[in-house]
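Take a look at the structure below.
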Amino acid sequence: MTGAALSLGVLAQTGSHQFWGTVVNGLSLGAIYALLAMGFVIIFKATQVVNFAHGAMATLGAYFTAVVAVDLNFPGRYLQVSPLSGWLISVLVALVMSALVGMLLERLFVRPMVGEELFSLAIVTLGMHIILLTVVTDLIGPDPRSMADPWGDSRVDLGSLIIPETEIAQFVAAVALMALVGLFFRTRTGVAMRATAFDQEAARAQGINVGRIFAIAWAIGAVLATVGGIFGSVYPRRVGGFPDTALLAMRAFPAIILGGLDSVGGAVLGGMIVGLAEAAAGSYLNQPLFGTGFSGIVPYLLMMCVLFVRPYGLFGTGEVRRV
């Protein structure tokens, strides 16, 4: 295989093989976008906060995973476990740490701003993004860091396609988390979160602890951002927790807008659409028609085309205002 081929997530030949390779690449990338978009939408839906710190939270979560799995070697230093089990335990620890950070950020920076203009809240989250990214970049340091994921460069050979095990794992993880989020919204807390999203004052009148709902929403958003950051850091074989994970998270914004800011299902569909569109552009349009890098702007072009027709996204809730 050539070096250029190795840079692709799925190795394929031409014609139909290239098509199916592009589909798998698109679904794998779309799974990352969907995870990041779901976390963003859950925070916005519950708290009406546009969280520009989401990318920094994804980077921080990936950094936590690298620290727990590699620097602390937990739990391998204390227990005899398989590489997969040990890494999953490390990820669970990192998820708990990320959830606590998410709740802390909400309590320190967002809760005092409740009732203020949405623009002011958005600027606060932008400041949070700059602070978090600066701190985590200093912590990461100049050298690449390993995520210590158990799959490494292992691939599954399907004959016409060779799929990295990492991509299979991230797709399975994304589907599992989507199902868990769906089940969560059927629980008592999930129903309370939906009621809070619909009308905070009415939710308070019904005895719902809105502050607790805010904290839970930020914890869930941080967890989803972390999982997206973990897989985003190793797709395709990126270095763990490096700041480009934050850039990847920012590239999930077209998926968020495309699906609708307040629709979790729309975030999932938007992520998949954007991932497929970006992969298709990378396979068929980058060279020689438009040059390298064109695939990076395709999600934004797609987003703008949809917004011309549906200003609130595919599944977003429209508002009617009297003027």
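The values are calculated or read from the model by the stated rules, or taken from the named source; none is laboratory data. Every value quoted in this text rests on a predicted model; they were computed, and no experiment measured them. Note that we place each Cβ from the backbone using ideal geometry, even for glycine, and neighbour counts take in every protein chain shown. We work out accessible area using only protein heavy atoms, side chains counted, and drop any ligands, DNA or RNA first. Shrake-Rupley method; radii C 1.70, N 1.55, O 1.52, S 1.80 Å.
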- Query: Helix 264-284 versus the longest principal axis of the chain: what angle, 0 to 90°, nearest 10, using Cα atoms?
  - Reply: 30 degrees
- Message: Tell me the net charge near L121. Cut-off is 13 Å between Cβ atoms, L121 excluded, with +1 for each Lys or Arg and -1 for each Asp or Glu.
- Response: -2
- Query: What is the dipole size for the chain, taken about its Cα centre, with +1 at each Lys and Arg Cβ and -1 at each Asp and Glu Cβ, in debye to the nearest 20?
  - Reply: 660 debye
- Query: Using 0.36 nm per residue, how much length does the chain from V172 to L108 gain when fully extended, once their Cα-Cα distance is taken away?
  - Reply: 19.6 nm
- Ordering I256, I220 from largest to smallest accessible area (1.4 angstrom probe), what's the sequence? I220, I256
- How large is ³J(HN,Hα), in whole Hz, for each residue of the stretch 67-73 in order, when computed from phi with the Karplus curve 6.51 cos²θ - 1.76 cosθ + 1.60 and θ = phi - 60°, using x for Gly and Pro? 5, 5, 6, 9, 5, 8, 6
- Tell me which residues come under 5 Å, amide H to amide H, from R145 once H is placed; ignore anything under 5 positions away on its chain. G240
- Item | Charge sum, other residues only, whose C-beta stays under 14 Å from A225's C-beta, Lys/Arg counted +1 and Asp/Glu -1 | 0
- Task: Of the options V298, L139, A202, report the single residue whose Cα projects farthest towards the positive end of the charge dipole of the chain (beta-carbon charges: Lys, Arg +1; Asp, Glu -1).
- Result: A202
- Answer with one residue from L60, A148, L224: the one whose Cα lies farthest towards the positive end of the charge dipole of the chain, charges on Cβ with Lys, Arg +1 and Asp, Glu -1. L224
- Which label in (i) 67, 20, 16; (ii) 32, 25, 17; (iii) 53, 23, 17 gives the computed semi-axes √(5λ) of the Cα gyration tensor in Å: (ii)
- Item | Förster-model FRET efficiency, 22 Å R0, D157 and H17, C-beta, rounded to 0.05 | 0.95
- Could you list which residues have their amide H under 5 Å from that of I162, counting only those 5 or more apart in sequence or on another chain, with H placed in the peptide plane? L11
- Message: Charges at C-beta only: +1 for Lys and Arg, -1 for Asp and Glu. How large is the resulting dipole of the stretch 102-188 about its Cα centre, in Debye rounded to 20?
- Response: 480 debye
- Item | Helix-only mean residue ellipticity at 222 nm for the chain, each DSSP H run of n ≥ 4 adding -39500 (n - 2.57), per residue, nearest 500 | -20500 deg cm²/dmol
- With a 1.4 Å probe and all protein chains in place, put E201, E116, E165 in order of accessible area, largest first. E201, E116, E165
